[in-house]
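Here's the structure we're looking at; comments come further down.
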Amino acid sequence: MAGRRALHFVFKVGNRFQTTHFFRDVLGMKVLRHEEFEEGCKAACNGPYDGKWSKTMVGFGPEDDHFVAELTYNYGIGDYKLGNDFMGITLASSQAVSNARKLEWPLSEVAEGVFEIEAPGGYKFYLQNRSLLQSDPVLKVTLAVSDLQKSLHYWSNLLGMKIYEQDEEKQRALLGYADNQCKLELHGIKGAVDHAAAFGRIAFSCPHKELPDLEDLMKKENQTILTPLVSLDTPGKATVQVVILADPDGHEICFVGDEAFRELSKMDPEGSKLLDDAMAADKSDEWFAERNKPKASG
């Protein structure tokens with residue numbers, strides 16, 4: 001559908017410092033903005049937690065034209081059990097492959113020129129050992145589904161995504177809103193999709209005026225609405241409106257009004273410093289504390 005954009009995938013992270021090291025130094029992404037919140041999000045952006053949390057957006061370029069990662073950190077929670085729902089993000093970056101080798105981060109070649117790498121927390125990424133000129137290196141997000149046809153009906157017929165590829169034999173389909181955007185790959189698995197505690201959320205934007213219609217459509221089709229249309233505030237930044245949905249397998253989907261989100265998501269040149277300062281002040285980040293403890297004398 002015209003005007004809809006793939007925005008980001010939300011990861012819950014237990015170790016903010018190690019995770020930042022991976023995204024910044026291994027993958028080569030930049031910190032685009034960092035925000036701290038004193039209480040849980042009204043749309044459960046940080047999961048089912050009520051306490052203090054932070055959001056860090058990282059990517060290869062501005063959120064206006066890049067698919068990025070949202071790193072959600074709940075203070076005091078050091079790890080999350082993984083399910084089988086998130087199957088990986090694929091990106092094209094020979095630099096990331098080079099960085100991983102240089103930093104001795106484990107890489108496993110799973111196909112010619114394609115390397116599997118694991119972020120802290122167990123999240124998988126697939127690095128194609130090539131570089132794209134003047135386009136976003138993030139190619140696709142792969143999610144597990146229990147019934148490919150049912151999922152295709154939801155994502156294509158109801159959410160308006162174009163089907164780019166479909167392979168019944170391999171139980172895979174590739175969808176997206178535009179040729180130049182990050183795609184969504186659905187991969188059929190045997191058995192149920194288990195989201196466990198680490199479950200993420202994929203976010204899209206649409207023109208603000210479409211949000212009420214989208215909510216009405218989901219009601220009419222008896223689909224799951226996790227959070228009806230609500231306004232979310234970020235201190236000192238734009239207020240956005242969102243609707244949170246769930247697909248037939250329970251994958252969380254955020255639709256946000258595009259106009260306000262473009263204002264909210266402007267890159268903050270102080271973002272990296274804000275993150276570093278927050279990590280330095282966070283006594284619960286044991287890895288940071290260990291890294292910075294005084295060296296033994298003598």
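The values are calculated or read from the model by the stated rules, or taken from the named source; none is laboratory data. Bear in mind that the values here come from a model prediction, so they are computed numbers and not experimental data. Counting neighbours? That spans all protein chains shown, and the Cβs are built from the backbone with ideal geometry, glycine included. Keep in mind that these areas ignore ligands, DNA and RNA; they rest on the heavy atoms of the full protein, side chains included. Shrake-Rupley method; radii C 1.70, N 1.55, O 1.52, S 1.80 Å.
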Which listed pairs, of LYS55/LYS266; LYS162/LYS266; LYS190/LYS219, have C-alpha distances above 21 Å, in listed order: LYS162/LYS266; LYS190/LYS219
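When Lys and Arg each count +1 and Asp and Glu each count -1, what net charge do the other residues less than 15 Å away from SER108, Cβ to Cβ, add up to?
Working: positive: ARG101, LYS124; negative: GLU104, GLU109, GLU112, GLU116, GLU118.
Value of the local net charge: -3.
Peptides 226-237, 33-44, 242-253: what's the order by average Cβ count within 10 Å, highest mean first?
Details: 226-237: 13.6, 33-44: 17.2, 242-253: 20.5.
My ranking of the peptides, most packed first, is 242-253, 33-44, 226-237.
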Order 56-69, 73-86 from most to least packed using the mean count of other Cβ atoms within 10 Å. 56-69, 73-86
Using a 1.4 angstrom probe on heavy atoms only, work out the carbon and sulfur share of the accessible area of the stretch 222-275 in %. 53
Identified option (computed mean projected area of the Cα convex hull in nm²; candidates (i) 16.5; (ii) 18.7; (iii) 15.7): (i)
The aspartates and glutamates whose Cα lies under 15 Å from the Cα of LYS42, excluding any fewer than 8 residues away in the same chain, are ASP50, ASP233, GLU252
Label 7 Å along Cα→Cβ of GLU221; the stretch 147-168 residues with amide nitrogen under 12 Å? 150-162
The stretch 1-42 - percent of accessible surface contributed by carbon and sulfur, probe 1.4 Å: 51
Describe numerically, in nm with one decimal, the distance between label points set 7 Å from Cα along Cα→Cβ at ARG262 and at LYS52. 3.6
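So, for the chain, what is the accessible surface per residue at a probe of 1.4 Å, expressed in square angstrom?
On the way: 14170 Å² over 298 residues.
I get 48 Å² per residue for this part.
Return the carbon/sulfur percentage of the accessible area of the stretch 64-116, one whole number, probe 1.4 Å, all protein chains in place. The partial results should precede the final answer.
Numbers: 1230 of 2650 Å².
Heavy-atom surface of the stretch 64-116 belonging to carbon and sulfur, 1.4 Å probe: 46 percent.
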Estimated [θ] at 222 nm from DSSP helical runs (n ≥ 4, -39500 (n - 2.57)) normalised by residues in the chain, nearest 500: -5000 deg cm²/dmol
